[in-house]
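Enquirer: One structure coming up, written as structure tokens, with questions to follow.
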Amino acid sequence: MAITIIAATVMAMVLAPPAAAVDTGIRVLVFTAVESEGDEHLSTDSAIEFIEMSGRRHGFTMETTDDSGRFTSAGLADYDVVVWLNNVGEVLNERQRDAFEDWYRAGGGFVGIHAAGYAEPEWTYFDELLGARPRGGERDKTSQRTITVNTEHPAASNMPTEWTEQGGSVVPVRSGSGGE
């Protein structure tokens, strides 16, 4: 229950209208590891920028790492929430999985974003955290399309207006973008 509340609180802070930043004391670790070079998503850097901006606006602190070695009891104790961002493949060893599972069961919060569903395909506990996995085989790395966002809605008012989908990742188009 506490885990869901922490994760919901972080997401509510990210999506809420801007307010005067007050330090909430919430500490977030954004984890971006992938198993193999070439599995990185084009949207990862933009997502990190957005989470950093949200932290400044809503008073939570964050660190970003692709170092699986941070997944120890001591390493995770410093964080209230771990965000798995665009992870692909086997990124943790058994001891690291055990440390994460213990941390989560003790009240840590988990948020899985975008390709996190492609991480740890053989780890049953991670399946339970995600609730579902993407269907099909490999991500389509050849498609490309442009997506236009209606930035008049308050939830999207600070987002770039145009995004490009490339190979399963969605990234903002830097020129002609709105928002921050």
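The values are calculated or read from the model by the stated rules, or taken from the named source; none is laboratory data. From a predicted model like this one, the values you see are computed outputs, not experimental measurements. FYI the Cβ positions are ideal-geometry reconstructions off the backbone, even for glycines, and counts take in every protein chain you see. Side chains are part of the model used for accessible areas, which takes the heavy atoms of the whole protein and leaves out ligands, DNA and RNA. Shrake-Rupley method; radii C 1.70, N 1.55, O 1.52, S 1.80 Å.
Enquirer: Whole number in Å², please: accessible area per residue of region 17-99, 1.4 Å probe, ligands, DNA and RNA not counted.
Expert: Values: 3990 Å² over 83 residues.
Accessible area per residue, region 17-99: 48 Å².
Enquirer: Let me ask something else about it. Please list the non-local residues whose amide H lies under 5 Å from the amide H of Ser43, H modeled 1.01 Å from N, same-chain partners needing a gap of 5 or more.
Expert: Amide H neighbours of Ser43: Val170.
Enquirer: While we're looking at this one, here's another question. Pop out the ³J(HN,Hα) list for region 48-55 in order, Karplus 6.51 cos²θ - 1.76 cosθ + 1.60 with θ = phi - 60°, rounded to Hz; leave Gly and Pro as x.
Expert: So the Karplus estimates, Gly and Pro as x, are 4, 4, 5, 5, 4, 4, 5, x Hz.
Enquirer: Under 10 °C and 1.306 mPa s, how fast does region 88-130 diffuse according to Stokes-Einstein, given a Kirkwood radius computed over C-alpha pairs? Answer in µm²/s, whole number. Please list the in-between numbers first.
Expert: On the way: Rh = 10.7 Å.
The Stokes-Einstein estimate is 148 µm²/s.
Enquirer: What residues have an amide H closer than 5 Å to that of Phe110, excluding those fewer than 5 places away on the same chain, when H is modeled at 1.01 Å from N in the peptide plane?
Expert: Here the answer is Ala7, Val82, since their amide H atoms fall under 5 Å of that of Phe110.
Enquirer: Give the peptides 39-50, 78-89 in descending order of average Cβ contacts within 10 Å, highest first. Mind showing how you got there, number by number?
Expert: Values: 39-50: 18.1, 78-89: 21.6.
Order by mean packing, descending: 78-89, 39-50.
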